[in-house]
Amino acid sequence: MKYETNLIEGILSKHRRGFAFVKPDDPEIEMGDIFIPPAQLASAMSGDRVLVRLETTEGNFKERGPEGQVVKILSRAVSLVPGTFFRDRGFAWVIPADKKIGERIRVEKKDFNGAKDEDKVVVKLTRWPQRGKSPEGKVMEILSRKGQPGGDVEILIRAFGVEENWPPQVSEEVRTVPKTVREKDLAGRRDLRDQVTFTIDGADAKDLDDAVSLEKTPSGNYLLGVHIADVSHYVREDSPLDLEAFERGCSVYLLNKVIPMLPKALSNGICSLNAGVDRLTLSVTMEIDPRGKVVSHDIFKSVIRTRARMVYDDVSDILEHKDPVLMEAFSELCPYFFLMEELAQILRENRQTKGSINFDFDESEILLDSDGFPVSVDVAQRRTANRLIEEFMLAANETVAEHFRWMELPFVYRVHEKPDADRMAELRTFLSNFGIPLKGSLDNVHPAALNQVLNRVKDTPEENIVGTVMLRSMKKAFYHTTCSGHFGLGMENYCHFTSPIRRYPDLIIHRIIKEALALGMEEERRLDLEARTEAAAAKSSARERRAEELEREVHKLKKAQYMEGLIGEEFDGIISGVARFGLFVQLENTVEGMVPLRSLDDDYYRVEMENYRVVGRHTERIYALGDRVRIRVEEADPITREIFFSILYQIF
């Protein structure tokens, strides 16, 4: 008996091992992704929209999920493919920069068009893949020559479809944007230029979109001010600047390169809260009691003039070490720093009491030389000042979201749904290997239960692995027009308000806030904004996913380049993943590599995915998630962005 719906449209995603999955277009189809065997792909490639005929009978559908074959390709995802060009006798291969494409593209000599070995190129597909035959193409553009600085990142940018250049109409509009705040811009704004405000950011940051202020009230409460660049004053709705920002969705940060959502004249200029100059802002002030509860708040248009452009490390050195040189240099601001540290601790404890999950992962810090080559890979430090600003931004975002939820206006919220019960069941099984219980119902896991797990492994070798697996067990946060809460933060109300220079949702809700503050909202405008916020939420969620994936691939690239110089070296690591084809091992510097199952040549190992381990058939030796091992670097390939290790021995 066939499954009742046997023809389904969807997007195909191909695996490097030849098979693929199709995600149905119709959200009401709840069967999950459809497995497509290699022989049933026709000529489909990753990203293509296809028509699939289900081949799974009702019996084995329940066992292994839906399976089908591609019967028609409805639309092609790509015709131009960026990749690396390799000569091979009388022809060449282009290895796509996008791993999801999977197939190498064959190029005949007549179609080289000047390309040389290891150049970064763009090929146009002239023949799609057929059974047993690779796709073919011709070189249309040479992005960079072999070894040319920046070419390795540029090809990834092209592969992900991220636009670096500005349309002519945007460049024309930028020329009309004022370089300084004018007197007429101050109408209707609260003047905070005499108030002590300052920014705290990374040393390399140029787009400073948030400033803070703090004072103690006579009652002993804290009056926290978070002042955000009023980008919407300069980016008018439906202008070329606005349409381009909507399309980009967010800024993309690629180590030493930034692809901004807005041109630098705005992001680094008139919208950046640079020290000592007037800047237009949208402010939220919060009166917070000693228990961390916001007892009152105010949201208003303002103008500020920040006293200083502070750096995370400097403020952290003052707070952590009371550095005498820095304390003398910033003597006027030091009392504010210490008061802010006091409040941040109160806010953090209150947030965690309410159930906010305390993820604290090791993130990579990759330093590049002037040619863009990695000279070091290490764990990035999140210090006191970083955490301080994070707490203040969380408080502002929650306060603004709650305010506008009660106003019932169209809005864009940041949503993080509760995890699925089956993923929590997998997490509970994984944690049992460490002797750690996961308390509560799997259908309704409370964030506090997950925090108990993280607290139990804090400062142990397993901390990062447990946190990573837990994060993978959760759903991804996204933007939506319904305020349905943020599970990870333990908040009923949450939005992104604090970064309108680099995130479009922040920009559109700034417009809504200002309209609500000024005149209220007519029904026609409300309906218009409902459509705009829905479009912004969908587009920004997709663009955020693209940016995160691109940023992740650039990190993989630079880590592979770095480890290429360490082939043959030995390191200690921890098993961070188990797959059917091998183990993943993460080193202390955050680099992760694959140990192929075939390289474990002292026995035949079977994979027990449900137990996150592999077991030797004869020796019964076990390699499990979280085990510490000594590895040797065997291979590092910047083209495929893959790193391979071999295990020398386990560390007990």
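The values are calculated or read from the model by the stated rules, or taken from the named source; none is laboratory data. Keep in mind it's a predicted model, so treat the numbers as computed, not measured. Note: ideal-geometry Cβ built from the backbone for every residue, glycine included; neighbour counts use all protein chains shown. The area values use the complete protein model at the heavy-atom level, side chains included, leaving out ligands, DNA and RNA. Shrake-Rupley method; radii C 1.70, N 1.55, O 1.52, S 1.80 Å.
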Amide hydrogen neighbours beyond the local backbone of Glu642, cut-off 5 Å, H modeled: Asp637
³J(HN,Hα), Karplus 6.51/-1.76/1.60, whole Hz, each residue of region 399-405, x for Gly, Pro: 5, 5, 4, 5, 4, 7, 5
Paramagnetic reach from Phe434 (point 7 Å along Cα→Cβ, amide N under 15 Å) across region 467-487: 467-474
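Out of the total accessible area of region 326-382 (probe 1.4 Å, heavy atoms of protein only), what percent is carbon and sulfur? Mind showing how you got there, number by number?
Working: 1440 of 3120 Å².
On region 326-382, the fraction of accessible area on carbon and sulfur atoms equals 46 percent.
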In region 333-400, chymotrypsin sites (Phe, Trp or Tyr not before Pro) in a DSSP loop with at most 16 other beta-carbon atoms within 10 Å: Phe359, Phe361
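For the pairs Lys216/Lys322; Lys179/Lys559; Lys216/Lys458; Lys475/Lys539, note any where the Cα-Cα span goes beyond 30 Å.
Values: Lys216/Lys322 22 Å; Lys179/Lys559 40 Å; Lys216/Lys458 34 Å; Lys475/Lys539 18 Å.
Violating the 30 Å Cα-Cα cut-off are Lys179/Lys559; Lys216/Lys458.
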Placed amide H near Glu55: partners under 5 Å, 5+ positions off or other chain: Glu67, Gly68, Gln69
J(HN,Hα) series, region 163-178, from Karplus relation 6.51 cos²θ - 1.76 cosθ + 1.60, nearest Hz, glycine and proline x: 8, 9, 8, 9, x, x, 5, 5, 4, 5, 5, 4, 5, 8, 6, x
Accessible area of region 97-169 divided out per residue, in Å², using a probe of 1.4 angstrom: 55
Portion, in percent, of the accessible area of region 30-185 that falls on carbon or sulfur, probe 1.4 Å: 47
Label-point separation in nm, Val379 to Ser171, each point 7 Å along Cα→Cβ: 4.6
Electrostatic dipole magnitude of the chain [Cβ: Lys, Arg +1; Asp, Glu -1; Cα centre; debye, to 20]: 1700
³J(HN,Hα), Karplus 6.51/-1.76/1.60, whole Hz, each residue of region 519-526, x for Gly, Pro: 10, x, 8, 6, 4, 4, 5, 4
Angle in degrees between helix 504-518 and the longest Cα principal axis of the chain, rounded to the nearest 10: 30
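Ignoring everything except DSSP H segments at least 4 long, calculate the 222 nm mean residue ellipticity for the chain; use -39,500 (n - 2.57) per segment, divide by total residues, nearest 500. All intermediate terms of the calculation are to be shown ahead of the outcome.
Values: 13 runs with 182 residues, N = 652.
After summing the helix terms and dividing by residue count, I get -9000 deg cm²/dmol.
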